[in-house]
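Down below is the structure, laid out as structure tokens.
The values are calculated or read from the model by the stated rules, or taken from the named source; none is laboratory data. Just so it is clear, the model here is predicted, and its values are computed rather than measured. Reconstructed Cβ throughout: ideal geometry from the backbone, glycine too, with neighbour counts over all protein chains shown. Accessible surface areas use protein heavy atoms only, side chains included; no ligands, DNA or RNA. Shrake-Rupley method; radii C 1.70, N 1.55, O 1.52, S 1.80 Å.
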Amino acid sequence: LVPAGVWSHQGTYISALNTIAEAAGAYLQPHRTAQTIRVLPRYPVPPWEWGSVVPTYALPSAATARESLEWKDAARYNGVYVSGVSAGVLGWVKRTGTAGDELAPMVVDPLITEAVAARQRGIAVLADTGRQIDVALRLPVLPETGVIEPGVFVEYQDGGASRLGLVRSTSVQAGLPDVWQTLGVETHA
């Protein structure tokens with residue numbers, strides 16, 4: 001809930017929707033066939049809880065080729081303050097089981113007017129920390145999977161190890177008779 005007079009926007013409807021979603025650590029995803037836009041959390045499950053995640057798709061190693069790999073080392077924050085502006089709330093979000101003493105820079109957004117929004121934005125900030133690997137996986141569009149949309153968890157083979165990652169992007173290349181997809185997958189080491 002956003003009280004009257006707290007936020008104003010100039011621009012397109014979609015830019016307003018993007019701003020609202022981003023304030024709560026989310027993003028927009030259009031539905032593939034319906035005239036619907038979904039608001040999805042950037043991290044449906046924080047990386048420190050990925051051990052309990054059941055992937056939406058287990059990609060067969062015989063059909064999956066790793067195209068590229070990019071390592072990212074971000075600060076290992078375990079706490080963040082998230083605040084509204086004039087009528088907002090101030091929230092301290094910390095990673096469960098930690099002291100919350102390694103603070104990320106404070107997040108200030110006029111749309112942080114409820115504790116739920118502060119918590120979701122804080123989780124998005126803390127989840128995007130530590131050692132990460134951005135992997136590009138190329139595979140055919142299989143009957144079992146279809147085109148894999150961003151926002152789902154996939155399990156894939158990396159050498160002899162099985163890895164879990166969150167799909168961040170999908171591109172499709174069609175050339176008869178084959179249709180291929182390349183997934184941008186975020187994993188945490």
How would Tyr156, Tyr13, Tyr27 line up by accessible area, probe 1.4 Å, largest first?
-> Tyr13, Tyr27, Tyr156
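Only Cα pairs under 8 Å and at least 6 apart count here; give the relative contact order of region 43-189 as a rounded whole percent. Working shown, then result.
Working: 316 pairs, mean separation 39.7, N = 147.
In percent, rounded to a whole number, it is 27.
Where does region 39-79 land on Rg(C-alpha)/(2.2 N^0.38 Å)? Let's see the in-between values first.
Working: Rg = 14.3 Å, N = 41, 2.2 N^0.38 = 9.0 Å.
That ratio works out to 1.58.
Return the calculated 222 nm mean residue ellipticity for the chain, to the nearest 500 deg cm²/dmol, obtained by summing -39500 (n - 2.57) across DSSP H runs with n ≥ 4 and dividing by the residue count. It would help to have the intermediate numbers written out before the result.
On the way: 2 runs with 24 residues, N = 189.
When only DSSP H runs of four or more count, the value is -4000 deg cm²/dmol.
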Fraction in percent of alpha-carbon pairs per bin - 10 Å, region 1-59 | 18, 36, 30, 13, 3
Computed on alpha carbon atoms, what radius of gyration and Dmax characterise region 139-189, expressed in Å?
-> 11.7, 37
Averaged per residue, the 1.4 Å probe accessible area of region 19-92, protein heavy atoms only, in Å², is roughly 63
Specify the angular offset, from 0 to 90 degrees and rounded to the nearest 10, of the alpha carbon long axis of helix 13-23 from the longest principal axis of the alpha carbons in the chain.
-> 80
Here the averaged projected area of the chain, based on the convex hull of its alpha-carbon atoms and given in nm², is 13.1
Nearest 10, in degrees from 0 to 90: the angle of helix 115-127 to the longest Cα principal axis of the chain is 50
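Before I look further, what does region 93-189 give for accessible area per residue, probe 1.4 Å, in whole square angstrom?
Details: 4510 Å² over 97 residues.
Normalised by residue count, the accessible surface of region 93-189 is 47 Å².
What's the carbon and sulfur percent of region 40-189's accessible surface, probe 1.4 angstrom, rounded to a whole number? Show your work: numbers first, answer last.
Numbers: 4100 of 7770 Å².
Roughly 53 percent of what the probe reaches on region 40-189 is carbon or sulfur.
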Could you tally the net charge around Gln157, taking each other residue with its Cβ under 11 Å from the Cβ of Gln157, Lys/Arg +1 and Asp/Glu -1?
-> 0
